[in-house]
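The values are calculated or read from the model by the stated rules, or taken from the named source; none is laboratory data. Since we're looking at a predicted model, the values are computed, not measured. Glycine also receives a Cβ, built like all others from the backbone with ideal geometry; neighbour counts cover every protein chain displayed.
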Ligand code: ADP
Ligand code: MG
């Protein structure tokens, strides 16, 4: 118990430090962005407008990375509370349903066999499941033969644990991607940050759980989050 307390403490410190560094980097980036935009007409006269475009796109990419990083380190002290798994999943599915419909996919929330209570930082856990649902939508959008995209969300009890699953019939992953998907900054997307799953992995481990994944190319992917149940 002592070691866990110590670990949480240094994690919280690291979170605070990261958040303030990220803020400090954001300010100069905003200044650079503004001045490049002022220079744009001059670059255009020189026939070098594409330089401005590249600089702006790269600044936006850096901002995206910081944004995702800030989101992950913000609640520097985890706000742990007990919540029924069904309520948590309902809320998240509600949040993503319209986005999914617009992208031509359907989200099914399976009714739970029994109620289960977990003690988690609700904000952090929502972030994890949301990122997995967004990844699922993106995998469906990237699949070539685009019939009806489907995302299945649910949970079941397994001994003293709950297994929350998110599966999709999207483009799936090859062995090489499966090997690296939890690495920070690993992404196969043009506008991806590659931070979603590495941050999720850390959050779930902080909660004493783990994430597993199985996937088949062109068939789909299934993520399973295992978490200890509250007694
Ligand atoms: P990002 O979404 O910014 O790329 P993530 O850490 O969320 O970063 O995901 C890392 C990579 O894992 C993705 O770029 C993608 O290649 C792969 N991936 C994650 N989820 C899925 C999924 N449901 N189906 C197919 N590939 C996935
Ligand atoms: Mg992602």
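Taking the condition more than 16 Å from ligand 1 (Cβ to nearest atom) and at positive phi, does residue 159 pass? Against the criterion (more than 16 Å from ligand 1 (Cβ to nearest atom) and at positive phi), residue 159 qualifies.
Within region 148-155, not a single residue is within 15 Å of ligand 1 (Cβ to nearest atom), under 15 Å from the mean Cα position of the chain (by Cα), closer than 27 Å to residue 182 by Cα and modelled with pLDDT of 95 or more. Scanning region 181-206 for residues that are surrounded by 14 or more Cβ atoms within 10 Å (Cβ to Cβ) and over 24 Å from residue 121 (Cα atoms) yields 186, 187, 188, 192.
For (1) more than 12 Å from ligand 1 (Cβ to nearest atom); (2) modelled with pLDDT of 95 or more; (3) on the phi < 0 side of the Ramachandran plot; (4) in contact with a helix residue (DSSP H, G or I) (Cβ under 6 Å, 6 or more places away or on another chain), each residue gets a yes or a no:
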| residue | (1), (2), (3), (4) |
| --- | --- |
| 183 | no, no, yes, no |
| 190 | no, no, yes, no |
| 202 | no, no, yes, no |
| 206 | yes, no, yes, no |
| 220 | no, yes, no, no |
| 223 | no, yes, yes, yes |
| 231 | yes, no, yes, no |
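Looking only at residues in region 193-224 that are out of contact with any strand residue (DSSP E or B) (no Cβ under 9 Å at 6 or more places or on another chain) and within 16 Å of residue 129 (Cα to Cα), which one is nearest to ligand 2 (Cβ to nearest atom)? Filtering region 193-224 for residues that are out of contact with any strand residue (DSSP E or B) (no Cβ under 9 Å at 6 or more places or on another chain) and within 16 Å of residue 129 (Cα to Cα), the one nearest to ligand 2 (Cβ to nearest atom) comes out as 196.
The residues in region 130-147 that are touching a helix residue (DSSP H, G or I) at 6+ places or on another chain (Cβ under 9 Å) and more than 14 Å from ligand 2 (Cβ to nearest atom) can be counted, and the count is 1.
Going by what's in this entry, would residue 119 be described as part of a loop (DSSP other than H, G, I, E, B) and under 30 Å from residue 230 (Cβ atoms)? For residue 119, the condition - part of a loop (DSSP other than H, G, I, E, B) and under 30 Å from residue 230 (Cβ atoms) - is not met.
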